[in-house]
Amino acid sequence: MCVVRSLVLLRPSSVGGVLPSSAQMVSTLAKNIGFARQFVLSLPKRKDFNRVAGECRIVSIEEGRVRVELEVQQHQVNSVGRLHGGCTSTLADIFTTVALMATPRGLPGATVDLHVSCTAAAKLGETIVIDSQVVKSGRSMGFTRAEFIRKSDQMSIAVCLHTKAFPPEKKE
């Protein structure tokens, strides 16, 4: 819940029909990108399920796009020593959400659909790059995509499509 509260505070306001200026939008975007960066950097210390992504290193964060890399660890593989499909799904969920956080609205959203296609394997010890980006973000829905790339040969090992809903804020 703290993440959502922090993100909502950073979102530009259009109270009274007044839209934020472009300078305010740039400032908000910069804050949201900074917040997304801090979130990724906090992953190793997390006690919740997001700790699965704790070994990821930031390659780049820009508006609507996050690139991280990680070396596949023992706790991330299946019984034959390959990156587990469930781990792939979790990493896609986390980093497509971070890509949404790195936008002017800065909202993480709630998962509606997560589709993962695993096309090749990554072995224990191999380095993968996760390239997550916002495809489209509207008033009530966001559409994101993540591609997992084996760094040694630039082979795509998984493609993930993640749809998120932006529920209306509760009025107190």
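The values are calculated or read from the model by the stated rules, or taken from the named source; none is laboratory data. Note that the coordinates shown come from a computational prediction; the quantities given were computed from them, not determined experimentally. Neighbour counts are summed over all protein chains in view; Cβ atoms, including those assigned to glycine, are modelled from backbone coordinates with ideal geometry. Heads up: the accessible areas ignore ligands, DNA and RNA and are worked out on the full protein's heavy atoms, side chains in. Shrake-Rupley method; radii C 1.70, N 1.55, O 1.52, S 1.80 Å.
Give me the percent of the accessible area of the range 56-148 that comes from carbon and sulfur atoms, probe 1.4 Å, all protein chains in place.
Working: 1930 of 4080 Å².
Reported share for carbon and sulfur atoms: 47 percent.
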### Message
What figure, in Å² to the nearest 10, do you get for the accessible area of ASP113 with a 1.4 Å probe and non-protein molecules left out?
### Response
80
### Query
Residue separation times 0.36 nm, minus the C-alpha to C-alpha distance between HIS75 and MET141: what's the value?
20.5 nm
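When ligands, DNA and RNA are left out and all protein chains stay put, how many square angstrom of accessible area per residue does the range 31-172 have with a 1.4 Å probe? Don't skip to the end; give the middle numbers.
On the way: 7320 Å² over 142 residues.
Spelled out: the 1.4 Å probe surface of the range 31-172, per residue, equals 52 Å².
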### Query
Which trypsin sites (Lys or Arg not before Pro) from the range 93-172 combine a DSSP loop assignment with at most 15 other Cβ atoms within 10 Å?
ARG139, LYS151, LYS170, LYS171
### Message
I'd like to know which of ILE157, ILE33, GLY81 lies farthest towards the positive end of the charge dipole of the range 32-169, counting +1 on Cβ of Lys and Arg and -1 on Cβ of Asp and Glu.
### Response
ILE33
